[in-house]
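Notes to accompany the following structure.
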C-alpha cells in the first residue's frame, strides 16, 4: 500500500504480514544500501538481503548483520543512533561480499516492519560520505542502477 512519503509516495507496512519481495539477484564485493524510514517504533526489522544479511532497529539504534565491516550513516552523519519515529535517512556502506536472491523490504525472517519506507536504493559500490550527505540533503530520488 502507498502513503505520503518523505518525497512523493512511500510503501506502508502494517507490522503483521506486509512486505515487498524484490526477486533480483545481488552479488557485490562492496556496496551501499540507502533508504528513508519512518517506523512506528524504534525497535523494528527493516530490510533483509538474506537470512544472515539484514538491517533493523533495536531501541533506537541501527543494527546491521552480515554486511562485514559496515559503516552506518543516519541523516548524513556517521552514527547508528535512530532517535525517534520521524523520517530518517539510513545508509549502510559495506566492504564485505554480499549475495542475495531476493531483497525483502519490511521483513526479516518471520518478523514484519510497521511504518513507512521510501526511496530504497542499492548501489554496487561503496558510496563516499559526501555522496551520502548529498543524498540526504537533495530530496530527490534516483532509479536503481544509477
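Against the condition within 12 Å of the chain's Cα centre (by Cα), closer than 16 Å to residue 82 by Cα and either modelled with pLDDT of 95 or more or not in a strand (DSSP E or B) (or both), how does residue 55 come out, does it pass? Against the criterion (within 12 Å of the chain's Cα centre (by Cα), closer than 16 Å to residue 82 by Cα and either modelled with pLDDT of 95 or more or not in a strand (DSSP E or B) (or both)), residue 55 does not qualify. Every condition in (1) on the phi < 0 side of the Ramachandran plot; (2) modelled with pLDDT of 95 or more holds for residue 75 except the one numbered (1). Taken residue by residue, segment 34-49 has at least one member that is closer than 21 Å to residue 123 by Cα, within 12 Å of the chain's Cα centre (by Cα), without any contact (Cβ under 8 Å) to a residue 60 or more places away in the chain and not in a loop (DSSP other than H, G, I, E, B). Within segment 124-146, being touching a strand residue (DSSP E or B) at 6+ places or on another chain (Cβ under 7 Å), over 16 Å from residue 76 (Cα atoms) and at pLDDT below 90 holds for 124, 142, 144.
With the requirement that a residue be in a loop (DSSP other than H, G, I, E, B) and more than 13 Å from the chain's Cα centre (by Cα), what does segment 83-115 give you? Break it down stepwise before answering.
Going residue by residue through segment 83-115, those that are in a loop (DSSP other than H, G, I, E, B) are 83-87, 95-97, 101-102, 106, 109-110, 113.
Within segment 83-115, 83, 84, 85, 86, 95, 96, 97, 101, 102, 109, 110 meet the criteria.
Taking the criterion of being assigned to a loop (DSSP other than H, G, I, E, B), farther than 16 Å from residue 46 by Cβ and touching a strand residue (DSSP E or B) at 6+ places or on another chain (Cβ under 6 Å), the only residue of segment 1-15 that qualifies is 1. When segment 67-82 is filtered for residues that are part of a loop (DSSP other than H, G, I, E, B) and under 22 Å from residue 50 (Cα atoms), the ones remaining, listed by number, are 67, 68, 69, 70, 80. Exactly one residue out of 110, 100 is modelled with pLDDT under 95 and farther than 15 Å from residue 45 by Cα: that is 100. How many residues does segment 32-52 contain that are surrounded by fewer than 23 Cβ atoms within 10 Å (Cβ to Cβ) and over 17 Å from residue 116 (Cα atoms)? Qualifying residue count, segment 32-52: 3.
Test residue 27 against the criterion of being part of a strand (DSSP E or B) and within 20 Å of residue 62 (Cα to Cα), and give yes or no. Before you say what the answer is, go through the steps one by one.
Details: part of a strand (DSSP E or B): yes; within 20 Å of residue 62 (Cα to Cα): no.
When the stated conditions are applied, residue 27 does not pass them.
Pairing residues of segment 99-113 that are on the phi > 0 side of the Ramachandran plot and touching a residue at least 40 places away in the same chain (Cβ under 8 Å) with residues that are surrounded by fewer than 13 Cβ atoms within 10 Å (Cβ to Cβ) and in a loop (DSSP other than H, G, I, E, B), at Cβ distances under 6 Å and at least 6 apart in sequence or on separate chains, gives no pairs at all.
The values are calculated or read from the model by the stated rules, or taken from the named source; none is laboratory data. This one's a predicted model, so the numbers in the text were calculated from it and none came from an experiment. Using ideal geometry, Cβ is built from the backbone for each residue, glycine included, and neighbour counts are taken over all protein chains shown.
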